[in-house]
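FYI, it's all coordinate maths here, none of it is from the lab. In this text, all values refer to a predicted model and were calculated from it rather than measured experimentally. Please note: Cβ atoms are built from the backbone with ideal geometry, for glycine as well, and neighbour counts cover all protein chains shown.
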Amino acid sequence: MSLDAATRDELLQIAGRYPQPRSALLPMLHLIQSVEGAVTIEGIQTCAELLGLSEADVSGVATFYTMYKRRPMGEHHVGVCTNTLCAVMGGDAIFERLKDHLDVGNDETTDDGKVTLEHIECNAACDFAPVMTVNWEFFDNQTPETAVELVDRLRAGETVRSTRGATITSWRQAERVLAGFEDGLVDEGPAAAGPSLVGLEIARENDWTAPPIDTDKGTATAAATESPQAAAEEADTSRAESDTKVEESPADRRGGGAQDD
């Protein structure tokens, strides 16, 4: 598949959002995935060309982050958390059940192209363990049975909503959102729910509040309370002083601390 002019225009639009164009690489790769279904060779070449980077630089990023895929993805990406808490709460059992049910291994796609299954090291939702995601939307407190029901509904093309209310679209559509293009569904589902809010509720019940900021403990803290510009200037000054100390240090920079004769 060849990248069309509209996609190139959107890639340039993303690049224009950043003071340093190379900072746009991550969302640009998400846009490539939304169009091509993976980070393709052409996508790497195009990003390198538009950002003035080498193809090796772009490939290094695309192979470092696990959200970037080098093989074509299914219509839906189903992730099962198998990190410690989710695993002991049933995540391993869910993953094994789905592998058998879908007849795929890790990071493989079903024959009908509907589901790509992957184990995820952490979905950052331990309070709802065991957790799955579909196209990065949460499905909380899962069991092997509910997981099988979920993937069957996805493969059947049914309308599915995540546990917290968001409508499931497709992996490609989700990638487009990650690239910074709205899909009109941003208000669906709460940002936090249930167990995530327990600590806040306990604090309110006991009238607990965070301690006030002490502006007398250091110039950096004081500067931060004055203005963002003052904080930035203070940070630059501290960094410059630190660099000067390193340059003046007689220590052997190879780590041994010994001086050459």
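Which log10 I(q)/I(0) values, to two decimals, does the range 133-190 give at q = 0.18, 0.30 Å⁻¹ under the Debye formula with one point per Cα?
-0.63, -1.37
Using Cβ counts within 10 Å as a stand-in for footprinting exposure, how do 65, 18 rank, fewest first?
The fewest-first ordering by Cβ neighbours comes to 65, 18.
Under 5 Å between amide H atoms, partner at least 5 residues away or on a different chain: which partners does residue 120 have, H built in plane at 1.01 Å?
For residue 120, whose amide H was placed from the backbone, the distant partners under 5 Å are 80, 81, 82.
Report, by chain and number, residues whose modeled amide H sits under 5 Å from the one on residue 69, excluding near sequence neighbours (fewer than 5 apart, same chain).
Placed amide hydrogens put 39 under 5 Å from residue 69.
May I ask for the net charge around residue 146, where only other residues with Cβ less than 13 Å from the Cβ of residue 146 are counted and Lys, Arg are +1 while Asp, Glu are -1?
Counting the neighbours of residue 146, the net charge comes to -2.
For residue 108, which sequence-distant residues (separation of 5 or more, or a different chain) have an amide H within less than 5 Å of its own amide H, given hydrogens modelled in the peptide plane?
117
Please turn the phi angles of the range 86-101 into ³J(HN,Hα) values with the Karplus equation 6.51 cos²θ - 1.76 cosθ + 1.60 (θ = phi - 60°), one per residue in order, whole Hz, x for glycine and proline.
Couplings: 4, 4, 6, 8, x, x, 4, 5, 4, 5, 5, 5, 5, 4, 5, 5 Hz.
Hey, for a label at residue 26 modelled as a point 7 Å past Cα toward Cβ, could you say which residues of the range 164-182 have their backbone N under 17 Å away?
Label zone hits: 175-181.
Tell me, what HN-Hα J-couplings in whole Hz come from the Karplus equation 6.51 cos²θ - 1.76 cosθ + 1.60 at θ = phi - 60° for each residue of the range 4-16, using x for Gly and Pro?
For the range 4-16, the Karplus curve yields 8, 5, 5, 5, 4, 4, 5, 4, 5, 4, 4, 4, x Hz.
Under unit Cβ charges (Lys, Arg +1; Asp, Glu -1), what dipole magnitude, rounded to 20 debye, does the range 5-64 have relative to its Cα centre? Write down the numbers at each step before the final one.
Values: 3 positive and 7 negative charges, 43 e Å.
Using Cβ point charges on Lys, Arg, Asp and Glu, the range 5-64 gives about 200 debye.
Work out how far the C-alpha atoms of the range 1-82 reach from end to end along every principal axis, then list the three figures in whole Å, largest first.
Cα spread of the range 1-82 along its principal axes, largest to smallest: 38, 25, 22 Å.
Taking 0.36 nm per residue of sequence separation and subtracting the Cα-Cα distance, how much length would be gained by fully extending the chain between residue 85 and residue 8, in nm to one decimal?
Values: separation 77, 0.36 × 77 = 27.72 nm, distance 4.24 nm.
Gain on stretching residue 85 to residue 8: 23.5 nm.
Between residue 49 and residue 197, what is the label-point separation in nm under the 7 Å Cα-to-beta-carbon projection?
That separation, rounded to one decimal, is 5.0 nm.
In the neighborhood of residue 194, defined by Cβ-to-Cβ distances under 15 Å, what is the net charge if each Lys or Arg adds +1 and each Asp or Glu adds -1?
-2
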